[in-house]
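The values are calculated or read from the model by the stated rules, or taken from the named source; none is laboratory data. Predicted, not measured: the structure shown is a model, and the values here were computed from it. Cβ placement follows ideal geometry from the backbone for every residue including glycine, while neighbour counts extend to all protein chains displayed. The protein model used for the area step is the full one, side chains on, heavy atoms only, and it has no ligands, DNA or RNA in it. Shrake-Rupley method; radii C 1.70, N 1.55, O 1.52, S 1.80 Å.
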4 protein chains.
Amino acid sequence: MAALFRVSRNLLQMCNKHADIAMASSRAMASKTAVGFIGLGNMGSPMAKNLLKHGYPIVAADTSPECGKELQDLGAQIVDCPAEVADKTDRIITMLPSSPNVVDAYTGPHGILKKVKKGTLLIDSSTIDPSVSKEMAAAAEKMGAVFMDAPVSGGVGAASLAKLTFMVGGPEEEFTAVKELLGCMGANVLYCGPVGTGQAAKICNNMLLAIGMIGTAETMNLGIRLGLDPKLLAQILNMSSGRCWSSDAYNPVPGVMEGVPSANNYQGGYSTTLMTKDLGLAQDTAMDTKTPIPLGSLAHEMYRVMCTRGYASKDFSSVFQFLREKEGQ
Amino acid sequence: MAALFRVSRNLLQMCNKHADIAMASSRAMASKTAVGFIGLGNMGSPMAKNLLKHGYPIVAADTSPECGKELQDLGAQIVDCPAEVADKTDRIITMLPSSPNVVDAYTGPHGILKKVKKGTLLIDSSTIDPSVSKEMAAAAEKMGAVFMDAPVSGGVGAASLAKLTFMVGGPEEEFTAVKELLGCMGANVLYCGPVGTGQAAKICNNMLLAIGMIGTAETMNLGIRLGLDPKLLAQILNMSSGRCWSSDAYNPVPGVMEGVPSANNYQGGYSTTLMTKDLGLAQDTAMDTKTPIPLGSLAHEMYRVMCTRGYASKDFSSVFQFLREKEGQ
Amino acid sequence: MAALFRVSRNLLQMCNKHADIAMASSRAMASKTAVGFIGLGNMGSPMAKNLLKHGYPIVAADTSPECGKELQDLGAQIVDCPAEVADKTDRIITMLPSSPNVVDAYTGPHGILKKVKKGTLLIDSSTIDPSVSKEMAAAAEKMGAVFMDAPVSGGVGAASLAKLTFMVGGPEEEFTAVKELLGCMGANVLYCGPVGTGQAAKICNNMLLAIGMIGTAETMNLGIRLGLDPKLLAQILNMSSGRCWSSDAYNPVPGVMEGVPSANNYQGGYSTTLMTKDLGLAQDTAMDTKTPIPLGSLAHEMYRVMCTRGYASKDFSSVFQFLREKEGQ
Amino acid sequence: MAALFRVSRNLLQMCNKHADIAMASSRAMASKTAVGFIGLGNMGSPMAKNLLKHGYPIVAADTSPECGKELQDLGAQIVDCPAEVADKTDRIITMLPSSPNVVDAYTGPHGILKKVKKGTLLIDSSTIDPSVSKEMAAAAEKMGAVFMDAPVSGGVGAASLAKLTFMVGGPEEEFTAVKELLGCMGANVLYCGPVGTGQAAKICNNMLLAIGMIGTAETMNLGIRLGLDPKLLAQILNMSSGRCWSSDAYNPVPGVMEGVPSANNYQGGYSTTLMTKDLGLAQDTAMDTKTPIPLGSLAHEMYRVMCTRGYASKDFSSVFQFLREKEGQ
């Protein structure tokens, strides 16, 4: 989640001081071998910077060249396509928006697998369908490379501060090597099991998160209608069996907590669109595995309706606002 | 919740040592005025004992006389009906199964209000519809008495150990007097607002609890199907934004935690029937206040279906078992 | 349903011609005994007129006196309260908005039962909770009167044209007498069983109607998104197993049918508010009888959400509009 | 739907009289060019027979050779693989269980497209994801062939009796040619629009059917609990706005209708498993097109739960039985 971690503004400024980073990275450059990085968007860019900062030379590519500009100034080498990255490095991290982008970056005409070297370690931090992760792993294996899925929890702020949580799936014997790199970009690196289980863990977490959030919004709304003060109700829930992350760390009711999207007109945070995408992945995997998810499915439907009613880019806690108005008014 | 609190067997035995309690209560009896207690079932009986233990003389009544036997042995006076309790005391606690029992105990032909004295403090710890609480408060006010609702969180074990949480609604100026008594029977006494808000807080908590529990069961089941180890998945959720009381304190998957109903074939704990009753109260109050509760409502439906499929007396975490089997098998 | 029946404008004008009605009613007045009518709102007023038209002298009452004006001009006697109606007649019809109004009209201080004569036939055409119907029946029985519930299907247009459908509950031996009167105001008078079953039948019908309507709206929307022409899709559904009243007689998609609310910007018809009220009754009776209604319950929630989003007074088929917009736009 | 059409046993026997069919087909064989048929299962086999009966020589293939035995006895030529069928015919019908089978039959190593001739007409009657239909159409177009989707409504009985309904998607100018063939196997051949819209129409119909069925089951159950006679309730619904195919042609309550699965312990008909598959396709296409389907989605979840509770092979109207039992018993 974007807002899982509260970010000190000072710390953030410090991290972004280019000079410092450049200096730090040049110091270490001599002793470490280059790492490939594909996908330099809002998340990928700060992640790659943190690798630079830890002294890893970076060879990077993105479909839109201007994304690499800032990284280049910091010393990274920008190349034309994933295949070229694969040609120059033997550890590659990909951070892309969705399954088709991942498929293209790996198996497309200019994809990694066109030039991948035997023994290369491929780490995909995108959030995608675990079955696609498995396909990529199988394709990589044919070329003698190892593919691992490692989606993240935590947003742009956490990416900048190297406070992400990585959930890693793939062969356990490669986990140490994976941890060495991901540890530069995150606070937690968790081993989840065979390839695809990193995605599975993330999808599961976000489904339960969505259910907890809508449940909290319904409950807070009901309590307020029944005459309870919202702050007091949150307090009671949080010391009782109703507590959850959405009630005690990310309360959706304006005025209950500070520093969360509900305190800022549901700006920032994790958008309803992205949550809807995650719930779609949950739905897909539930269908593949024939698993009933009644609440997960209804949560998905509600966020889909919200996307059609003007909430697409608001934080997903805005479901409180969506439910708020009184009937017959 | 019954299992909110893990109960040390030794402590429990100690509490139940009749001699000790009798002694303790006789010591204090001289200095404290009698308290009335109506409803001596599984919950009411240990609650009344704790009052005795704190030195309050007890005048009690129950519709089935044998319920008072044990309390009588400990020194309580058992009388015939609520009206008689009201005749002999000016602070009365009621602990009854549902709305009609409460209405009868207060306004019935042998009810409290037939003989209530001006200024009497009436505390109802039953879990009922807040609108009934308001009616009782209005009826009490006409007789010059004060009615407060104070439902509990925590089950029989917590009642025995005086570890209940009370959520109190009613005039704030009476809260100190209420706390003096309820503090003998519980670990937390929370002031929630005007009469009915105690019920409201309890209903809200339990609705969110039910949603969180079903959500956790769906999520754990999905994760297991996707190849995740259940213990590991619980660990990941509990350090991420998916965490909730049902995932970290009362996990519904056998083998993940000890000392919870899922570790004991869903025996003990809080029954599906009781949770269904609470969700019915949530549904009722949501209809009265015109509040949409999509997930709460679906949770209610699921627990109602479970009641028809043999889960009525199992702990409400057995929803995991209900969802567990694989399609097409 | 309001729009169950298409109303010819000419016919309607004819029916409303006061002179004709007054003449017709005066002709028959000599030979028929007076009928009481309580509740002269949008529905009750045209219903009473149809009784007048059939030659029944009318003694009527309404809480707001101006409602009786038009009826008085047509020859009805307007009195002050239900008790007075009961004093002057031995067959009384009530048509009131909701349970509390019915309770008041029967058992209130100026209610029917204050002056009801032995053997009086009481027919309640309001839509209310069947358990309230049963209470009224029991109270009437104590006074030697007979109470029957007879809610209607069909709106103001059908009421004017005497095309209502009545669903009648109560002692079967009274059904002939009931039918004599209701037959003047409706096209169908159906006997459903003991008291309360009239309400039950209406509630059941409307719950299934709501489910069918939302289902049709979802289906039509999905089909359109998949590239189907809405008219063609409706045609296919209507000759297949997907057909229902909402698809073939009241299609919610603008442009598919004429003469329905969807062709008129969802004006007229049966309001979302009223449907929400009916679904609330379904929810109440489902809880009383411990009956799971997952789709009925979700339909209720959806209409409740719609009430909060500006659809309260639109026809209930506007759920198509509610679901229509595309995600992410 | 399997049971859409009631099948006279005599008629069925007549149709199956091999001698007649063989005779009829040999008579016409001289004048008609051969038709290819791939997939000779429960549905495909009687469909192919009906083509034979109309005088079309048949060249057929199936992955399991014994499936073709009976057809061979009737004069059909059985070949090894789809490619060979394509080599010998220029009109081919495919009738396969699911998307992967279709993909393999068209684009696999021995698939149709390996040997398809320019101008060949390919008609797929399988029920699959419309996006797969579009992919097949695109692949066929590259080879100069035309692909149309034509899924059926109606089960094995309807297939035997040539009473199927076909919903056809693809270029309109080919519809006449399609109708010539499909008309031999069905009572209705409907043109739905561009390729994929046949599937879309079928998916839409079945989603609304599932919603109507569960809604009918809930409603009938509620009415029965409220004291209504089930036959009478069905009658009332069927003359009111609650009516739908599931209430008036396929009522799920035993004893209400004859000749439907509910009268036969939910044997025969359309299985819960198949309905769950169709709802999965609805879910998939809803996700692809970002269409909210709250009731459709909950219907899907309910059928998924039923699949895990022993209802997988029962008719989908057994949802009545699933909901039937009373809470707390």
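Given Cβ point charges of +1 (Lys, Arg) and -1 (Asp, Glu) and nothing else, what value in debye, to the nearest 20, does the dipole of chain D about its Cα centre take?
520
So who's got an amide H within less than 5 Å of the one on A:GLU325, skipping anything under 5 residues away but keeping other chains? H placed 1.01 Å off N, in plane.
none
Under the Karplus relation 6.51 cos²θ - 1.76 cosθ + 1.60, θ = phi - 60°, what is the ordered set of whole-Hz ³J(HN,Hα) values for segment A:320-325, x standing for Gly and Pro?
Calculated HN-Hα couplings, in order: 4, 4, 4, 8, 5, 3 Hz.
Straight-line reach from D:LYS117: which lysines have Cα under 18 Å away, leaving out those fewer than 8 places along the same chain?
Correct list for D:LYS117: D:LYS88, D:LYS142.
What does the charge dipole of the protein assembly as shown about its Cα centre add up to, to the nearest 20 debye, if the Cβ of each Lys and Arg holds +1 and the Cβ of each Asp and Glu holds -1? Write out the running numbers ahead of the final one.
Details: 116 positive and 120 negative charges, 2 e Å.
Once rounded to the nearest 20, the dipole reads 20 debye.
With the cut-off at 32 Å, tell me which of the pairs A:LYS277/D:LYS314; B:LYS202/C:LYS277; C:LYS114/C:LYS277; B:LYS290/C:LYS134; B:LYS202/D:LYS231; A:LYS114/A:LYS179 have Cα atoms farther apart than that. Don't skip to the end; give the middle numbers.
On the way: A:LYS277/D:LYS314 34 Å; B:LYS202/C:LYS277 26 Å; C:LYS114/C:LYS277 30 Å; B:LYS290/C:LYS134 26 Å; B:LYS202/D:LYS231 43 Å; A:LYS114/A:LYS179 26 Å.
A:LYS277/D:LYS314; B:LYS202/D:LYS231, as the Cα separations exceed 32 Å there.
How big is the A/B interface in buried accessible area, both sides summed, 1.4 Å probe, to the nearest 100 Å²?
Numbers: alone 15410 and 15410 Å², together 25490 Å².
Its buried surface, counting both partners, is about 5300 Å².
Which distances, in nm and shortest first, link the C:PRO65 label point to the same label point in every other copy, taking 7 Å along Cα→Cβ?
Here the equivalent label points are 6.1, 8.8, 9.8 nm apart from this one.
Do any residues of segment D:289-314 lose at least 50 Å² of accessible area when the full set of protein chains is present rather than just their chain alone, and if so which, with a 1.4 Å probe?
Residues meeting the cut-off: D:THR289, D:LYS290, D:THR291, D:PRO292, D:PRO294, D:LEU295, D:LEU298, D:GLU301, D:ARG304, D:VAL305, D:THR308, D:ARG309.
With respect to the symmetry axis carrying chain B onto chain C, which residue of chain B exhibits the smallest Cβ distance to that axis, and what is the value in whole Å?
In residue-and-Å form, the answer is B:SER297, 2.
Could you pull the copy-to-copy label distances for D:LYS118, with points set 7 Å along Cα to Cβ, in nm to one decimal and sorted shortest first?
Ordered by increasing distance: 4.8, 10.0, 10.9 nm.
Write down the accessible area per residue of chain B in Å², having rolled a 1.4 Å probe over the full set of protein chains.
On the way: 11600 Å² over 329 residues.
Per residue, chain B has 35 Å² of solvent-accessible surface.
At 7 angstrom along the Cα-to-beta-carbon line, where would the label on B:LYS88 sit relative to the other copies? Give the distances in nm, shortest first.
5.9, 9.2, 10.0
Find how many whole Å separate the alpha carbon centroid of segment C:31-73 from the alpha carbon centroid of segment D:255-279.
Taking the Cα centre of each part, segment D:255-279 and segment C:31-73 sit 50 Å apart.
Under a cut-off of 15 Å between alpha-carbon atoms, report the aspartates and glutamates in cross-link reach of A:LYS115, not counting same-chain residues fewer than 8 places apart.
A:ASP80, A:GLU84, A:ASP87, A:ASP90, A:ASP104, A:GLU141
Give me the net charge of D:PRO46's neighbourhood, meaning all other residues with Cβ under 12 Å from the Cβ of D:PRO46; Lys, Arg count +1, Asp, Glu -1.
+2
I want the local charge near D:THR120. Using Cβ-Cβ distances under 10 Å, sum +1 for each Lys or Arg and -1 for each Asp or Glu among the other residues.
Computed value for this residue: +3.
Could you give me the ³J(HN,Hα) list for segment A:110-116, computed from phi with Karplus coefficients 6.51, -1.76, 1.60 and θ = phi - 60°, whole Hz, x at Gly and Pro?
Values per residue, Gly and Pro as x: 10, x, 3, 5, 5, 10, 5 Hz.
Which of the listed residues, A:PHE316, A:ILE293, A:MET275, is farthest toward the dipole's positive end in segment A:273-329, when Lys, Arg count +1 and Asp, Glu count -1 at the beta-carbon?
The residue sitting most towards the positive pole is A:PHE316.
For segment B:168-220, with all protein chains present and a 1.4 Å probe, just round the carbon and sulfur fraction of the accessible area to a whole percent.
Of the solvent-accessible surface of segment B:168-220, carbon and sulfur hold 52 percent.
Output wanted: per-residue J couplings in Hz (rounded whole) for segment B:56-73, from phi through Karplus 6.51 cos²θ - 1.76 cosθ + 1.60, θ = phi - 60°, x for Gly and Pro.
Each residue's phi maps through the Karplus curve to give 8, x, 10, 10, 10, 8, 8, 5, 9, x, 4, 4, x, 3, 4, 5, 4, 4 Hz.
How far, in degrees from 0 to 90, does helix B:294-308 lean away from the longest principal axis of the Cα atoms of chain B, to the nearest 10?
90
What residues from segment B:249-280 fall in the zone where the backbone N is under 16 Å from a label point 7 Å along the Cα-to-C-beta line of B:SER313?
Correct set: B:265-275.
Run the numbers on segment D:172-329 and let me know its relative contact order in percent, using alpha-carbon pairs under 8 Å that are six or more apart. Intermediate values should be presented prior to the final figure.
Values: 164 pairs, mean separation 39.8, N = 158.
This gives 25 percent for segment D:172-329.
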